[in-house]
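Take a look at the structure below.
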Amino acid sequence: MGSRLNSCLLGIARLRHSEALRSKKFSDYIGVNGEAAIFPLKCDTCALIGTSGHLRKSTSGRDIDKSYSCIFRLGFSPTRGYEDQVGSRTTARIVDSFRFYPFLKKPLKLVTGPFPSDFWFLFDPPAATSLFSLCPLLKDLRKTPVSQNFLWFSRAVERSVLNSLDSKRLKNGMNRISSLLFATRVIEDAGCESLTVYGVPDAQICKRNLNISIPSLYWDENSFHLCDYGVDASVKSTNSKASVSIVPSIAERRLLPKWLEQHFYASDFKFPSWENWTSP
């Protein structure tokens, strides 16, 4: 009886925790009409799929598809052709507008190409006039057989994410950041109770291993090596316009452990695992 009561109370606490997070987020997202949008997701067990070439050795695709209620992916990391490694389901992609807009020249590629997703969360939104011109294209995509849903982060959310990194960005000369920390905001708001992170190396990996000849992007064997004479691939890729997905920076990855400890009852890192990491 006591164990059942404790289990029930824990369930209620978790529900209140997730609802409290979500109730504060109604004005943090902007829909295709340019107005504040209600956050659309409610999740339980979650996975975040990154970009690292470690995933090339993964055979977890089927487990990823079956084991999680919601699957989040960073940027334009493909699933088609890599189903055995990273799975095929995508609940949401978190993408910077800089890389998203070129796809709108042929918007059906977002449906028929290698990046299918139920939801798209975009940061760095355009000016209001540009957003207005994009609305017809995005609304048409929502009418396709595979419905696409688009949300931008509000400027307030963007500022809070960038402020968390400002001192590190200035120190490291970062002009752009990846979608990693924006993904953490979406995952928080979705109320995930557990999170497994795939394909995101820890911040110190290149200090322990000066040279790691694994590609930084699992779908591109010619992408920068993960570590090259102690230099992290993110240092080289951050300012590159050639890649469709920026490698998460050292500064961003350094913030992950504390965030995980604060928000989840269980968490884990796979492909690669993180040295000395233990789940809360």
Checked against (1) more than 20 Å from L180 (Cβ to Cβ); (2) modelled with pLDDT of 60 or more; (3) open to solvent by less than 50 Å² (accessible area, probe 1.4 Å), T144 satisfies every condition except (2)
Condition first: small (G, A, S), assigned to a loop (DSSP other than H, G, I, E, B) and modelled with pLDDT of 80 or more. Can you find one or more residues in segment 232-249 that meet it? yes
Does at least one position in segment 113-124 carry a residue that is within 17 Å of S77 (Cα to Cα), open to solvent by less than 70 Å² (accessible area, probe 1.4 Å) and modelled with pLDDT under 85? yes
I'd like to know if segment 259-270 contains one or more residues that are more than 20 Å from F182 (Cβ to Cβ), at pLDDT 90 or above and either out of contact with any helix residue (DSSP H, G or I) (no Cβ under 6 Å at 6 or more places or on another chain) or open to solvent by 30 Å² or more (accessible area, probe 1.4 Å) (or both). yes
Which of the numbered conditions does E221 fail, given that it passes all the others? Conditions: (1) modelled with pLDDT of 90 or more; (2) in contact with a Ser or Thr (Cβ under 9 Å, 6 or more places away or on another chain); (3) of a type outside the set (F, W, Y). (2)
I'm checking my understanding of the structure. Among residues of segment 247-258 that are among the aliphatic types (A, V, I, L, M) and under 15 Å from T184 (Cα atoms), which one is surrounded by the most Cβ atoms within 10 Å (Cβ to Cβ)? L256
Residues (over 12 Å from Q148 (Cβ atoms) and in a helix (DSSP H, G or I)) located in segment 101-120: Y101, P102, K105
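If you take the residues in segment 64-82 that are part of a helix (DSSP H, G or I) and open to solvent by less than 50 Å² (accessible area, probe 1.4 Å), which one is farthest from S117 (Cα to Cα)?
I64
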Of all residues in segment 209-224 being surrounded by fewer than 17 Cβ atoms within 10 Å (Cβ to Cβ) and in contact with a strand residue (DSSP E or B) (Cβ under 9 Å, 6 or more places away or on another chain), which is farthest from K57 (Cα to Cα)? L210
Among the residues of segment 13-26, are any at pLDDT 50 or above and either among the aromatic types (F, W, Y) or more than 18 Å from S179 (Cβ to Cβ) (or both)? yes
Give segment 205-222 a look and list any residue that's assigned to a strand (DSSP E or B) and touching a His at 6+ places or on another chain (Cβ under 8 Å), or say none. I212, S213, I214, P215, S216
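The values are calculated or read from the model by the stated rules, or taken from the named source; none is laboratory data. Note that this is a predicted model, so its numbers are computed, not measured. Note that we place each Cβ from the backbone using ideal geometry, even for glycine, and neighbour counts take in every protein chain shown. The protein model used for the area step is the full one, side chains on, heavy atoms only, and it has no ligands, DNA or RNA in it. Shrake-Rupley method; radii C 1.70, N 1.55, O 1.52, S 1.80 Å.
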